[in-house]
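The values are calculated or read from the model by the stated rules, or taken from the named source; none is laboratory data. Small disclaimer: the values here were computed from a predicted structure and weren't measured. Positions of Cβ are generated from backbone atoms using ideal geometry, with glycine treated the same way; all protein chains shown enter the neighbour counts.
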């Protein structure tokens, strides 16, 4: 397990979490993820295991459809940081582009068929 550090663009949302090596990324083809184009961790992290520091009440949540999944983003800069998954409520996937030590452009990717959920 490794400890990862990340943040939104402006820094109003910062976070840390522990997880396995990030050696690939996951794209989702649902209507929201297709539009935001983020590369997510292929593993989930229990929501309570993501330690966040939030300044200026910057974190906002977007829900649609069944309202089970919760998509978290910064109200200041607009960056999506992580989302609570539909299949595993209480667990999140992290936007790898927000993780300080990972080059998202060097990772192989797979696609999750979120459109079918």
Q) Looking at the stretch 84-115, which of its residues are over 17 Å from residue 20 (Cα atoms), in a loop (DSSP other than H, G, I, E, B) and either in contact (Cβ under 8 Å) with a residue 24 or more places away in the chain or touching a helix residue (DSSP H, G or I) at 6+ places or on another chain (Cβ under 7 Å) (or both)? A) 85, 86, 87, 88, 90, 113
Q. Looking at this structure, is residue 12 at pLDDT 95 or above and farther than 16 Å from residue 83 by Cα?
A. yes
Q: Mind checking which strands (runs of 3 or more DSSP E) fall wholly inside the stretch 1-71 and carry at least 2 residues that are within 23 Å of residue 101 (Cβ to Cβ)?
A: 2-7, 13-19, 25-28, 51-54
Q.
Please go through the stretch 54-73 and give me each residue that is farther than 22 Å from residue 43 by Cα and in contact with a helix residue (DSSP H, G or I) (Cβ under 9 Å, 6 or more places away or on another chain), ordered by number.
A. 64, 65
Q) How many residues does the stretch 7-40 hold that are crowded, with 19+ Cβ neighbours inside 10 Å, in contact with a strand residue (DSSP E or B) (Cβ under 6 Å, 6 or more places away or on another chain) and farther than 16 Å from residue 105 by Cβ? A) 7
Q: Kindly establish whether residue 76 is crowded, with 20+ Cβ neighbours inside 10 Å, touching a residue at least 24 places away in the same chain (Cβ under 8 Å) and either over 19 Å from residue 16 (Cβ atoms) or touching a helix residue (DSSP H, G or I) at 6+ places or on another chain (Cβ under 8 Å) (or both).
A: no
Q) Right, residue 81: touching a strand residue (DSSP E or B) at 6+ places or on another chain (Cβ under 7 Å), loosely packed, with under 14 Cβ neighbours inside 10 Å and not in a loop (DSSP other than H, G, I, E, B) or not? A) no
Q. Got a number for residues in the stretch 41-54 being out of contact with any strand residue (DSSP E or B) (no Cβ under 8 Å at 6 or more places or on another chain) and over 15 Å from residue 92 (Cβ atoms)?
A. 0
